[in-house]
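This report refers to the structure that appears directly beneath it.
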Amino acid sequence: MIFKQKLKHEAIILVISSFFQLNNFLSFFDEKKLIKGRKVFLLVFSDTVSEKLIFHFKEYIEKFSVVEVIDMRRKTNSLNQKFVNIKFIKVLCYYFFVFKKIFKIKKSFLISSFTTYTKLQFPTLFFIIIISPLKIFLLEDGMGEYVHSKKNMKKSLIIFLFIKLLIYKKQNICTLQLAKSRKDYVGLLGESFFEEKHFFDNRVFFKNFIKKSFSNKNRYNPRCLLIATRSNPHNFEFNKSLYIKTLIEINKKYSYSPNQILFCPHPREELIYFEELEKDLSIYSNINKVSSHVVENFLLKDNLEIVIGAFSSSLYYAKTIFNINQVYYIYDYEDPSRSLVNRNDYINIYNPLNIKNFLKK
């Protein structure tokens with residue numbers, strides 16, 4: 001049995017939904033030489049991650065290691081699709097698929113690390129329980145890590161089980177920290193259960209990784225970034241009008257040409273919305289495509305003067321990691337898509353950082 005264990009190849013399991021999380025992971029693992037020679041299993045759970053984005057994830061990870069994508073999105077699971085109207089059977093089929101993948105990986109590989117973003121799901125727990133990785137790393141999942149909302153004040157069942165599982169299995173869990181201080185975190189990353197010594201300040205590695213990997217490969221040098229939020233049927237027309245209004249205001253205040261402004265749609269934007277934004281906003285700015293060149297890749301550009309965006313963690317990182325002087329959020333007080341509480345949660349984080357409302361009269 002010991003002899004067979006030695007024959008197993010080491011592998012890494014990675015669960016992400018954005019390039020920001022991927023860059024956080026790669027910057028640390030590449031610097032610490034934890035990825036070389038190990039296969040990466042890329043698990044995709046979120047239905048909002050498109051085929052195109054998965055392709056770019058895989059393409060980029062292949063620069064560092066061998067990678068195998070395991071598509072665990074419910075909407076693409078073939079067994080689920082056979083039983084569209086029978087919920088119980090759909091759930092059984094999905095978890096049959098999950099357990100089949102888990103035991104297949106466990107049979108052939110020794111999992112040296114399991115890295116996941118903090119929006120945990122039950123399949124994530126099953127992977128950890130059965131595979132028992134040597135180490136677990138947590139990645140930030142956006143602004144929710146910093147906002148003291150009612151949602152974060154209540155422990156979900158998954159987080160409760162996750163912490164009990166770690167205590168029972170006596171596993172060390174590490175956080176690749178991008179906050180200035182561990183005390184900035186709320187929710188899962190704010191749990192007192194996690195030991196201080198297992199928080200790794202990844203800010204310098206992250207910034208250097210972005211500079212090394214992207215600065216010389218993309219010659220486009222914008223002076224202004226406008227960052228969008230993800231659209232849905234209830235807010236798309238409102239947000240599109242807000243972006244146009246903001247772009248017109250940018251031109252009035254700064255006299256930038258359209259070529260000097262880069263509009264960044266949300267990386268997980270649905271194609272139907274992306275195409276309409278591209279058509280209607282291209283007369284005011286350049287439009288960033290879905291690729292490995294995401295918002296943070298432009299934050300080290302020499303010409304960049306101003307970053308403006310919808311409520312987003314990108315604004316927080318632009319100020320706290322990349323030290324951009326002029327950072328603004330956009331908010332119209334008639335916005336029907338956000339509650340007053342939700343808006344104030346974000347603004348309370350932005351105010352101490354001198355991130356102001358660009359459209360405030």
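Structural remarks
- Residues satisfying the stated conditions in the range 325-352, i.e. surrounded by 14 or more Cβ atoms within 10 Å (Cβ to Cβ), of a type in the set (A, V, I, L, M, F, W, C) and modelled with pLDDT under 95: ILE330, ILE347, ILE349
- Scan of the range 178-214 for residues that are polar (S, T, N, Q) and either surrounded by 15 or more Cβ atoms within 10 Å (Cβ to Cβ) or not assigned by TED's automatic domain parsing to the domain that holds LYS164 (or both), ordered by number: ASN202, SER213
- Failed condition for LEU165, given (1) farther than 29 Å from GLN326 by Cα; (2) surrounded by 15 or more Cβ atoms within 10 Å (Cβ to Cβ): (2)
- Being of a type outside the set (Phe, Trp, Tyr) and out of contact with any strand residue (DSSP E or B) (no Cβ under 6 Å at 6 or more places or on another chain) is a property that SER113 lacks.
- The one condition in (1) more than 17 Å from ALA179 (Cβ to Cβ); (2) at pLDDT below 90 that PHE298 fails to fulfil: (2)
- All positions within the range 187-216 that are of a type outside the set (D, E, K, R), in contact with a strand residue (DSSP E or B) (Cβ under 7 Å, 6 or more places away or on another chain) and modelled with pLDDT of 90 or more: LEU189, HIS198, PHE199, PHE200, ASN202
- Identification of helices (runs of 4 or more DSSP H) wholly contained in the range 191-293 with 1 or more residues that are in contact with a Pro (Cβ under 6 Å, 6 or more places away or on another chain) yields 271-281.
The values are calculated or read from the model by the stated rules, or taken from the named source; none is laboratory data. This one's a predicted model, so the numbers in the text were calculated from it and none came from an experiment. Glycine gets a Cβ as well: all are built from the backbone with ideal geometry, and neighbour counts include every protein chain shown.
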